[in-house]
Amino acid sequence: NPFEGLVSHLRASWLSGKTRPVEYRMAQLKALGHFLDDKKKQILEATASDLGKPPFEAELSEIFLCKNELHEALNNLPRWMKDEQVDRTLAMQLDSAFIRKEPYGVVLIIAPWNYPIQLCLVPLIGAIAAGNCVIIKPSEVSKKTERIVAEVLPSYLDKDCFAVVTGGVPETARLLENKFDYIFFTGSPPVGRIVMTAAAKHLTPVTLELGGKNPCYVSDTCDVTNVARRVAWGRFFNAGQTCVAPDYLLCTVEMQDKLIPALRKAIDDFYGPNPRESPDFGRIVSDKQFRRLRALLGSGRVALGGQTDEAERYIAPTVLVDVQPSDPVMQEEIFGPILPVITITNMDEAIDFINSRERPLALYAFSSDDKIVTQVLERTSSGGFCGNDTLMHLLLTSLPFGGIGSSGLGMYHGKFSFDTFSHLRGCLRRGMGREPLNAPRYPPYTPQKFGVIRATAKVTPKSDCALL
């Protein structure tokens with residue numbers, strides 16, 4: 001296997017204990033910060049070349065969010081690493097019981113192409129903070145950004161503990177043949193199944209950050225202008241190539257009639273009368289993805305947009321109406337600047353529609369009535385939830401980010417990243433003396449001995465502790 005030697009080298013580094021001291025981890029995290037600062041211009045140029053990302057969107061999503069995660073880790077790492085003392089029974093009051101947060105070992109991070117810096121570095125921050133050695137596999141689809149990660153990032157990190165591997169599907173398949181101690185994958189559900197299957201051969205734990213069709217319910221009681229602006233921003237940010245973008249709208253016919261002109265105005269306000277000429281609207285990452293998205297435009301009827309240019313890989317911000325649940329656009333995650341509208345008669349029907357499909361990575365609900373937003377939250381299930389806005393829940397490092405069911409497994413961001421890449425090792429330390437206290441557990445067994453153990457080792461229900 002072409003990667004066996006690399007994996008063995010990193011495992012030897014990890015076994016040496018090099019990555020365990022807090023000082024080492026913080027030094028590597030600070031080095032990541034220097035990389036983001038020093039190479040900001042190259043990152044913006046690379047993401048513009050790969051995805052047509054406007055500098056504003058690239059700096060916000062690729063650099064700013066990474067810096068937030070870095071600062072969160074640097075500010076809190078010594079506290080996160082501390083042993084966590086736990087409750088003890090009467091029999092163990094003289095002992096020490098604690099949880100130690102230990103690194104897994106050698107971690108593999110497989111990143112996608114849509115946010116090629118953020119979705120590579122944010123899990124890397126968690127893996128470094130937890131004390132692991134890491135192999136990073138950036139996406140070969142976003143070529144210019146892959147080159148920065150492969151050629152520049154390693155010069156900022158300890159090469160004995162961190163490495164970057166490039167290549168396409170064949171190389172990734174060979175990489176997955178190796179035994180890793182943890183695998184973190186961001187991508188599509190079909191590839192996620194392949195990664196999980198490979199991990200199962202070695203009983204390797206995984207985090208899978210997958211996608212899904214994220215519903216967006218808009219009730220009849222809302223500020224239509226605000227809804228249109230927030231939905232349009234979330235759907236068309238990065239030309240719709242965002243795993244938590246609102247994938248389709250659910251609303252009544254009456255609300256659809258109000259939303260279409262409001263969305264038209266929002267798109268015009270954001271990108272001008274011809275979004276193709278706007279410096280603030282991106283492009284599709286590849287010819288393959290462009291052709292896939294263009295085929296989806298045949299679903300329903302184009303109410304807004306619909307223009308395409310294959311040479312530029314340009315698809316206009318598009319809204320589809322008269323869409324049926326059986327249409328192709330509703331059979332897969334769109335991952336592009338296309339927004340279908342599904343009409344329903346009321347909130348109950350919208351909730352039933354959401355619950356009849358796979359659980360999404362994100363779910364959005366808009367209403368001026370808090371009770372309606374609460375109902376949607378309480379009666380549905382999704383990886384994350386955002387009421388009266390889109391995407392914004394990602395900005396909080398205090399919230400976990402992850403999917404459920406077909407949209408993913410596991411979570412990260414902030415301390416959740418540290419926890420994901422840490423093994424929680426349950427530890428009990430007892431003294432060598434006081435042996436008479438252990439006598440009740442030794443044979444020969446008697447009812448009296450069991451009575452002593454039960455009295456000193458049981459966990460008492462709260463109701464039994466009530467004062468009479």
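The values are calculated or read from the model by the stated rules, or taken from the named source; none is laboratory data. Model, not experiment: these values are computed from the prediction. No Cβ is skipped: glycine too gets one built from the backbone with ideal geometry, and neighbour counts run over all protein chains shown. For accessibility, only protein heavy atoms count, side chains too; no ligands or nucleic acids. Shrake-Rupley method; radii C 1.70, N 1.55, O 1.52, S 1.80 Å.
Mind listing just one residue for me: the one in the stretch 224-272 that is among the basic types (Lys, Arg) and without any contact (Cβ under 8 Å) to a residue 60 or more places away in the chain and, of those, nearest to Ala316 (Cα to Cα)?
Arg264
Step by step: first the residues of the stretch 44-54, then only those that are charged (D, E, K, R) and in a helix (DSSP H, G or I), then the one that is surrounded by the fewest Cβ atoms within 10 Å (Cβ to Cβ). Which residue is that?
So the first thing to find is which residues in the stretch 44-54 are charged (D, E, K, R), and the list is 45, 50, 53.
Restricting the remaining residues to those that are in a helix (DSSP H, G or I) gives 45, 50.
Details: Glu45: 17, Asp50: 23.
Checking each candidate, the answer is Glu45.
Which one of Ser96, Ser8, Ser49 is of a type in the set (Ser, Thr, Tyr) and under 30 Å from Gly336 (Cβ atoms)?
The unique qualifying residue is Ser49.
For Gly387, state whether it is closer than 23 Å to Gly234 by Cα, at pLDDT 95 or above and open to solvent by 30 Å² or more (accessible area, probe 1.4 Å).
Numbers: closer than 23 Å to Gly234 by Cα: yes; at pLDDT 95 or above: yes; open to solvent by 30 Å² or more (accessible area, probe 1.4 Å): yes.
Spelling it out, Gly387 is indeed closer than 23 Å to Gly234 by Cα, at pLDDT 95 or above and open to solvent by 30 Å² or more (accessible area, probe 1.4 Å).
May I ask you to say which residue of Met411, Met392 is at pLDDT 95 or above, within 13 Å of the chain's Cα centre (by Cα) and open to solvent by 30 Å² or more (accessible area, probe 1.4 Å)?
On the way: Met392 fails: within 13 Å of the chain's Cα centre (by Cα).
Of the residues listed, the single one that is at pLDDT 95 or above, within 13 Å of the chain's Cα centre (by Cα) and open to solvent by 30 Å² or more (accessible area, probe 1.4 Å) is Met411.
Is at least one residue of the stretch 184-196 more than 22 Å from the chain's Cα centre (by Cα), aliphatic (A, V, I, L, M), in the same structural domain as Lys101 (by the TED database) and farther than 17 Å from Phe421 by Cβ?
No - not one qualifying residue is present in the stretch 184-196.
Go through (1) without any contact (Cβ under 8 Å) to a residue 40 or more places away in the chain; (2) farther than 19 Å from Leu121 by Cβ one by one and return the number of the condition Glu4 breaks.
(1)
Are any residues in the stretch 175-184 open to solvent by 10 Å² or more (accessible area, probe 1.4 Å) and either closer than 16 Å to Pro138 by Cβ or in contact with a Ser or Thr (Cβ under 8 Å, 6 or more places away or on another chain) (or both), and if so, which ones?
Leu176, Lys179, Asp181, Tyr182
Can you tell me which of (1) within 27 Å of Asp220 (Cα to Cα); (2) touching a strand residue (DSSP E or B) at 6+ places or on another chain (Cβ under 8 Å); (3) open to solvent by 30 Å² or more (accessible area, probe 1.4 Å) is the one Thr308 doesn't meet?
For Thr308, the exception is condition (1).
Taking Gln324, is it over 30 Å from Ser356 (Cβ atoms), surrounded by fewer than 18 Cβ atoms within 10 Å (Cβ to Cβ) and in contact (Cβ under 8 Å) with a residue 12 or more places away in the chain?
no
Condition first: touching a strand residue (DSSP E or B) at 6+ places or on another chain (Cβ under 8 Å) and free of Cβ contacts under 8 Å to residues at least 60 places away in the same chain. Now tell me which residues in the stretch 362-372 satisfy that.
none
Working carefully through the options Glu72, Glu57, find the one that is open to solvent by 40 Å² or more (accessible area, probe 1.4 Å), at negative phi and at pLDDT 95 or above.
Glu72
What number of residues in the stretch 79-107 are charged (D, E, K, R), touching a residue at least 40 places away in the same chain (Cβ under 8 Å) and over 30 Å from Pro123 (Cα atoms)?
1
Among the residues of the stretch 190-200, what is the count of those that are open to solvent by less than 40 Å² (accessible area, probe 1.4 Å) and either closer than 23 Å to Ile117 by Cβ or out of contact with any helix residue (DSSP H, G or I) (no Cβ under 6 Å at 6 or more places or on another chain) (or both)?
Initially, the stretch 190-200 is screened for residues open to solvent by less than 40 Å² (accessible area, probe 1.4 Å), giving 192, 195, 198-199.
Subset that is either closer than 23 Å to Ile117 by Cβ or out of contact with any helix residue (DSSP H, G or I) (no Cβ under 6 Å at 6 or more places or on another chain) (or both): 192, 195, 199.
So the count comes out to 3.
Does the stretch 231-253 contain any residue that is open to solvent by 30 Å² or more (accessible area, probe 1.4 Å) and in contact with a strand residue (DSSP E or B) (Cβ under 6 Å, 6 or more places away or on another chain)?
The answer is yes, given that some residue of the stretch 231-253 is open to solvent by 30 Å² or more (accessible area, probe 1.4 Å) and in contact with a strand residue (DSSP E or B) (Cβ under 6 Å, 6 or more places away or on another chain).
For the stretch 13-43, enumerate the residues that are in contact with a Lys or Arg (Cβ under 8 Å, 6 or more places away or on another chain) and in a helix (DSSP H, G or I). Before you say what the answer is, go through the steps one by one.
If we filter the stretch 13-43 for residues that are in contact with a Lys or Arg (Cβ under 8 Å, 6 or more places away or on another chain), which is where we start, we get 19, 24, 33, 36.
Matches in the stretch 13-43: Tyr24, Gly33, Leu36.
Identify the residue in the stretch 144-166 that is more than 23 Å from the chain's Cα centre (by Cα) and not charged (D, E, K, R) and, among all such residues, is surrounded by the fewest Cβ atoms within 10 Å (Cβ to Cβ).
Across the stretch 144-166, the extreme among qualifying residues is Ser155.
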